[in-house]
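Okay, so here's the structure we're looking at.
The values are calculated or read from the model by the stated rules, or taken from the named source; none is laboratory data. Remember, predicted model here, so these are calculated numbers, not experimental data. Here the Cβ positions follow ideal geometry from the backbone for every residue, glycine too, while neighbour counts run over all protein chains shown. Please note that ligands, DNA and RNA were not included when accessible areas were found on the heavy atoms of the full protein model with its side chains. Shrake-Rupley method; radii C 1.70, N 1.55, O 1.52, S 1.80 Å.
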Amino acid sequence: MKGKQHRLQDLLDAWLADPTPPAALALLEEAEKILAAGAVGLVAPELWHLYLNETRRTVFLRALPDAPARERWAETTFPVIRATDFGLEALLRQRVAEHPHRTLFEEMEAGDLRSWSYEAIYRRIRTIAAVFWSAVEEPPRVAIVSENQLDMACCDLACLAHDILVTPLNPHFSPDVLAWIFDRLQINLVVAGTEEIRDRLESVRPLAQRPFHVFLLDPDAGVSRPEESVLAEALARLGPQETGWILEERPRRKVTDLATVMFTSGTTGMPKGVQFSEYCLVTKRFARAAALPNVGDDEILFSFLPLYHTFGRYLELQGMIFWGGTYVFAENPSLDTLLWGLREVRPTGLISIPRRWQQIREACLAEMDRVQGAEAREGAFRQVVGDRLRWGLSAAGALEPAVFHFFHRHGVDLCSGFGMTEATGGILMTPPGAYEDNTVGVPLPGIRVRLSDEGELQVSGHYVGRYLDEPPPSPDDEYWLATGDIFRRRESGYYEIVDRIKDIYKNSKGQTIAPGAIEQKLAHVPGITRCFVVGDGREYNVLLIVPDLSDPVLAEGPQSEKTVDYFRQVIAAANLELAPYERVVNFAILPRDFDRERGELTPKGSYNRKVIQENFRDII
């Protein structure tokens with residue numbers, strides 16, 4: 001086997017000396033031979049890590065003959081990642097060693113962009129990890145409750161790269177949801193983005209079963225109790241030498257052990273927790289690289305998707321680290337901020353929701369209509385999107401084909417896709433340059449898909465997570481996840497979404513909403529027989545109310561001013577317990593109940609949402 005190790009080294013050296021397609025294919029085939037022989041452990045981990053680093057680059061991926069060859073390459077990386085424990089810390093070390101002074105993060109500060117290099121961020125996350133390891137007597141288990149900001153991202157990376165269980169949480173979660181999560185994960189450290197969030201956490205303390213220490217990200221925040229610290233002050237007290245000692249002594253986990261839990265909306269009152277190992281996170285990066293072979297050289301992303309959601313955390317943040325690019329924090333997720341960022345930041349890629357891509361197109365057309373001639377119109381287009389934007393991904397909802405074709409005509413390779421938190425993000429994606437109308441593409445490398453007899457998409461693979469009530473993810477399991485969505489596979493191999501089994505939907509901004517959880521808050525209110533939330537693909541939620549005419553609170557009739565005012569107050573009270581994007585904005589009182597004979601109710605009495613929305617379309 002020693003000869004094979006030398007052979008792999010020789011072929012890697014040959015590729016680096018003369019990066020040609022034959023050299024790339026020879027290197028790939030040698031790696032496949034070693035893995036097929038079950039001899040991955042007989043090759044030095046350092047050599048395998050060099051293989052991972054050099055073959056991830058666009059120059060290598062483009063040198064492979066086609067997409068199947070790139071998928072073969074991805075399959076070689078997965079057993080290597082596992083066998084050599086190649087986690088996020090090793091990946092970060094590679095990037096810092098290669099380009100320590102390249103900008104990793106940029107953030108707005110007093111109207112200017114402030115830059116942080118790979119080396120500076122690496123030092124910072126090591127110090128944060130040391131602070132967390134020294135803050136409690138038992139192993140730290142961290143919850144991050146914050147909107148996007150630099151130190152929020154650094155805390156997440158510090159935990160992921162240094163063997164600390166971490167969960168980034170939506171700051172709009174209610175105190176009872178936060179307490180439930182803290183108990184499930186045995187959280188003992190909480191990172192709070194603002195003083196306001198810190199104050200809200202005070203109402204979580206009496207609900208949680210165990211105490212927790214709070215680190216405030218705001219450097220100017222006031223501390224009012226011993227169980228609180230300002231993170232910046234804690235970092236200032238810890239020098240590089242002490243940081244090294246603390247981290248050297250920490251217990252280590254394997255790359256396949258549980259590393260993080262992300263929470264996504266469920267059909268009940270509590271969110272669903274999905275478990276991930278570092279193996280899930282790292283293998284997904286290599287799989288995405290194989291699917292996007294042109295992405296990776298000096299990339300810049302202007303990023304506004306929440307880091308407590310899958311695409312923001314994994315594709316934007318960890319993707320930029322994998323590709324060695326620059327992640328620019330948006331001050332807020334508004335359209336105005338996005339359009340400003342496209343002009344000023346001039347990103348090379350953009351990952352966004354369908355509504356934003358539609359709005360960007362509208363802004364481009366408005367500028368282009370002011371000028372005449374193809375060259376002038378192209379210049380107007382670039383005034384809106386910036387001169388470097390060349391690729392993008394639209395996810396979390398449907399986008400009409402005309403929008404894809406518009407960007408393609410102007411040199412932006414916009415891909416369609418379908419993903420889930422449970423699969424570490426993407427599952428399907430249209431290949432670059434090969435978009436097919438009304439589809440979400442083909443399976444990403446590293447994932448297997450199948451359709452049930454009903455057409456429900458089921459997925460399995462290296463980066464598919466597990467729910468909290470299941471064993472942690474393992475590469476050895478034959479685990480299939482039901483997506484809850486009905487798909488059709490075309491003769492081209494592309495998949496299109498036909499319908500949904502699950503009730504969860506996304507609004508026009510791509511935010512996930514569980515209507516059942518909202519409806520439950522009103523299920524036993526006097527005067528309401530049942531209610532139905534509508535909001536799939538819409539700007540806001542509306543509520544259909546079936547009134548209980550036998551209840552005395554409706555004595556003046558279902559459409560009286562007093563009844564309407566009563567329901568308005570009931571909804572306002574329920575909205576106080578909901579995140580802003582979950583709240584009901586308008587409502588209608590229905591003239592009849594839902595009917596099983598009309599197909600609006602199943603035999604079990606649950607809602608047939610598609611039929612209800614069609615039958616009450618005019619009212620909606």
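Some observations on this one:
- Highest average first, the peptides 571-580, 192-201, 284-293 ordered by how many other beta carbon atoms sit within 10 Å of their residues are 284-293, 192-201, 571-580.
- Antiparallel DSSP beta bridges within region 78-189, percent to nearest 5: 50
- Taking every C-alpha pair closer than 8 Å and separated by at least 6 residues, the mean separation divided by the residue count of the chain gives a relative contact order of 10 percent.
- The DSSP beta bridges internal to the chain are antiparallel in roughly 55% of cases.
- Evaluated on region 192-244, the Kirkwood hydrodynamic radius is 12.1 Å, with distances taken between all distinct Cα atoms.
- Mean separation of Cα contacts under 8 Å (6+ apart) over length of region 187-273, as relative contact order %: 20
- Probe 1.4 Å - accessible area at residue 122, Å² to nearest ten: 30
- For a paramagnetic label modelled on residue 602 (point 7 Å from Cα along Cα→Cβ), amide N atoms under 11 Å away are absent within region 535-575.
- Relative to one another, the C-alpha centroids of region 268-311 and region 472-511 are positioned 17 Å apart.
- Beta-bridge orientation, region 256-408: approximately 40 percent antiparallel, per DSSP, counting only bridges with both partners inside.
- Placing +1 on the Cβ of every Lys and Arg and -1 on the Cβ of every Asp and Glu, with nothing else charged, gives the chain a dipole about its Cα centre of roughly 800 debye.
- Global form of region 519-620, assessed from the alpha-carbon gyration tensor, a/c cut-off 1.5: oblate
- Of the solvent-accessible surface of the chain, computed with a 1.4 Å probe and all protein chains present, 49% belongs to carbon and sulfur.
- Using a probe of 1.4 angstrom and keeping all protein chains present, the accessible surface of region 137-261 works out to 42 square angstrom per residue.
- Solvent-accessible surface of region 501-620, averaged per residue with a 1.4 angstrom probe and all protein chains in place: 54 square angstrom.
- Calculated FRET efficiency for the pair residue 50/residue 565, C-beta based, R₀ 60 Å, to 0.05: 0.25
- Subset of 506/610; 506/562; 33/254 violating a 22 Å alpha-carbon distance limit: 506/562; 33/254
- From phi via Karplus (6.51, -1.76, 1.60), per-residue ³J(HN,Hα) for region 503-517 in Hz, x at Gly/Pro: 8, 4, 9, 10, 7, 5, 8, x, 7, 7, 10, 9, x, x, 5
- Taking amide H atoms as placed 1.01 Å from N in the peptide plane, the amide H of residue 587 lies under 5 Å from those of 543, each 5 or more residues away in sequence or on another chain.
- Accessible-area ranking of 611, 498, largest first, probe 1.4 Å: 498, 611
- For region 85-181: rounded, prolate or oblate by the Cα gyration tensor [a/c cutoff 1.5]: oblate
- Order by protection proxy (mean Cβ within 10 Å, highest first), peptides 310-318, 446-454: 310-318, 446-454
- Burial ranking of peptide ranges 553-564, 40-51 (average Cβ count within 10 Å, highest at the top): 40-51, 553-564
- Cα gyration tensor shape of region 298-444, rounded if a/c is under 1.5, else prolate or oblate by comparing a/b with b/c: oblate
- Between residue 438 and residue 237, the contour length at 0.36 nm per residue exceeds the alpha carbon distance by 66.8 nm.
- Computed from phi, the 3J(HN,Hα) profile of region 384-398 under the Karplus parametrisation 6.51, -1.76, 1.60 (θ = phi - 60°) reads 7, 9, x, 7, 10, 5, 9, 8, x, 9, 9, 9, 6, x, 8 Hz, with x in place of Gly and Pro.
- For region 330-383, the solvent-accessible area of protein heavy atoms averages 49 Å² per residue (probe radius 1.4 Å; ligands and nucleic acids excluded).
- Distance from region 122-197 to region 206-255 (C-alpha centre basis), Å: 9
- Under a 5 Å amide H cut-off, with hydrogens placed 1.01 Å from N, residue 484 pairs with 457 among residues at least 5 apart or on other chains.
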